[in-house]
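The values are calculated or read from the model by the stated rules, or taken from the named source; none is laboratory data. All of these numbers come straight from a predicted model, not from anything done at the bench. Cβ placement follows ideal geometry from the backbone for every residue including glycine, while neighbour counts extend to all protein chains displayed. When the accessible area is computed, the model is the full protein with side chains, heavy atoms only, and any ligands, DNA or RNA have been set aside. Shrake-Rupley method; radii C 1.70, N 1.55, O 1.52, S 1.80 Å.
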Amino acid sequence: LRFRLAGYPRKHNEGRVEVFYNDEWGTICDDDFTLGNAHVLCHHLGFVAATGWAHSAKYGKGVGRIWLDNVNCAGNEKSIGDCKHRGWGNSDCSHEEDAGVVCKDERIPGFKDSNVIEVRRLLTREGSCWQGVGAWQSSCVPLGTGQGAQPVHAAAGRVAGDTSTATGHAGRGSGLLCPHRLFTERQQLNYRLHSVSCSGTEVHLSLCSFEFYRGNSSAACSSGMPAVVSCVPGPLFATGNAHKKKQRQQQQQQGQPRIRLKGGARVGEGRVEVLRSSEWGTICDHRWNLQSASVVCRELGFGSAKEALSGARMGQGTGPIHLNEVQCRGTEKSLWNCPFRNITQEDCKHTEDAAVRCNIPYMGYENLIRLSGGRSRFEGRVEVAVGAGDGDQPRWGLVCGEGWGTLEAMVACRQLGLGFANHGLQETWYWDASNVTEMVMSGVKCAGHEMSLSHCQHHGASLSCRNTGTRFAAGVICSETASDLLLHAPLVQETAYIEDRPLHMLYCAAEENCLASSARLANWPYGHRRLLRFSSQIHNRGRADFRPKAGRHSWVWHECH
């Protein structure tokens, strides 16, 4: 059994409950529904408990089967299937009675978020096929057989509304449909779906209307052919020079971007921030949904949205909250084309900042890096694969620790899919647990935004490392969350003033080297110094407490403080 929350408007921890049973998503009827039922369902969804439930399709009417009715749980069952109910698929309800739950916003430790549409797992069943009638002109694509994995460019082809959905959840921005026959090497194709019809605003193909082939699917799709989409890569994923040149020209024409993602550990996720009146600010999460989130993702060169996050789940922003109740239809080129309400002082706080997780193309970067020797999967000595092209077996080697720091560790942790970097280590003698001993990369220097260590500056084939022993290999400690400190600069400007202060009041400041070097020549304790004074505030916008790297044992307590 698999479960998900759906419907709008809703927060990430509430919604209509949908259950995947017998290869089909369906809903649960609200007849005899109790808080005990909600507890069991919230556990399935990875939350510690339920705080409430909703009846009468509060989160909108579902589609498909109503799988369960008259469910009665005590609350401690391991599965909803262990509770009393009328039997799977046996219901006298309509979708106007779909049940919803409100879960406590606290995750079960170690639970992998299941409220995410896993595109590749859903769509790459061996021998499955999408056949479109309507806009897709009786074309179908065999997914999972390797035929449709690479973008195919054909001279013939027309833009179809459906392809923005298809390419969107593949992680790329837009697409062309090519009615183009694939060479299938005489392989027998088994077709599963046909008559796929999308409006183009859907965030996933499973939300479009379609029909299943029943019975002997190998004889189906006789008048159709494989549908092929050609995806246009976003700026981060463009590999060819022609693509990059075209995108640079577009960026020059458009000027400074007016939207960005901040605070996310991975590519394509973060708090949504917009530029308005020359000031960056956030978006309030009221009515924030997958349609609006998808417009943001596509505008930034990603695919459609995997999750629309509310409740500042990517950290709280600072400064103004610019927009509220953003309501995109899904077809807009930019978030600024969507209807929204201007914010008022009472409307929102930064605890309600909206965020997104976008679909991104599968680039395979995580297969070219691994950690060894650490106490957990989040730490260890960095090993990278070289010479993995043209079907050759990759050769694993170490990275020289010389010059290795936090920025390089950030890129390594991102490439590994392990979040933020806590530490970048230049010596790893205590993680000597691998038989990999050869240095294969040196002089690594990253800006911090790269998706792979190979994208950073490095020495290439001409290695230059003073200490080539394994103890001097680079290592990392990664973390799912991190602190993010920000100085409140306007406050410094607003509070700055000049003060003439007597020298006899500045002994502590002198001992701590807070005065200019000329203070040593002053006639202590007589005379004065002219000082620049200001107040400061430092905000932690991250999702983890700030802890200084120096342990308590190394702190010095000064008598002046």
Positive-end extreme of charge dipole, the stretch 365-479 - chosen from Ser462, Phe472, Ala447 (charges on Cβ): Phe472
Portion, in percent, of the accessible area of the stretch 371-474 that falls on carbon or sulfur, probe 1.4 Å: 47 percent
Rounded if a/c under 1.5, otherwise prolate or oblate - the stretch 2-103, Cα gyration tensor axes: rounded
Loop-resident sites, the stretch 507-554, for trypsin sites (Lys or Arg not before Pro), counting at most 12 other Cβ within 10 Å (DSSP): Lys549
Environment charge at Ala473 (Cβ cut-off 14 Å; Lys +1, Arg +1, Asp -1, Glu -1): -3
Per DSSP, loop trypsin sites (Lys or Arg not before Pro) in the stretch 37-66 with at most 16 further Cβ within 10 Å: Lys61
Average accessible area per residue (Å²) across the stretch 365-479 - probe 1.4 Å, nucleic acids and ligands excluded: 49 Å²
Gyration tensor verdict on the stretch 257-358 (Cα atoms; rounded if a/c is under 1.5, prolate if a/b is larger than b/c, oblate otherwise): rounded
Taking the stretch 487-540 and dividing mean pair separation by its residue count, relative contact order in percent (alpha carbons under 8 Å, at least six apart): 62 percent
For the stretch 257-358, size of Cβ-based charge dipole, Lys and Arg +1, Asp and Glu -1, in debye: 340 debye
Carbon and sulfur %, accessible surface of the stretch 487-540 computed with the full protein complex present, 1.4 Å: 53 percent
Per residue accessible area in Å² of the stretch 504-555, where ligands, DNA and RNA are left out and the probe is 1.4 Å: 86 Å²
Space enclosed by the convex hull of the alpha-carbon atoms of the stretch 458-514, per residue, Å³: 296 Å³
Summed side-chain charge close to Trp524 - residues other than Trp524 whose Cβ falls under 14 Å, Lys, Arg +1, Asp, Glu -1: +2
Cα-centred dipole magnitude for the stretch 415-561, charges only on beta-carbon of K, R (+1) and D, E (-1), debye, nearest 20: 260 debye
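How much net charge surrounds Gly89 when only other residues with a Cβ under 10 Å from its Cβ are counted (Lys, Arg +1; Asp, Glu -1)? Don't jump to the answer; show the numbers that get you there.
Numbers: positive: Arg65, Arg86; negative: Glu24, Asp69.
Combined, the nearby Lys, Arg, Asp and Glu give 0.
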Anisotropy class of the stretch 365-479 from Cα gyration tensor, a/c 1.5 cut: rounded
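Kindly report the accessible area of the stretch 2-103 per residue (heavy atoms of protein chains, probe 1.4 Å, no ligands, DNA or RNA), in Å².
Accessible area per residue, the stretch 2-103: 42 Å².
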Cβ charges +1 (Lys, Arg) and -1 (Asp, Glu), total dipole of the stretch 487-540, debye: 140 debye
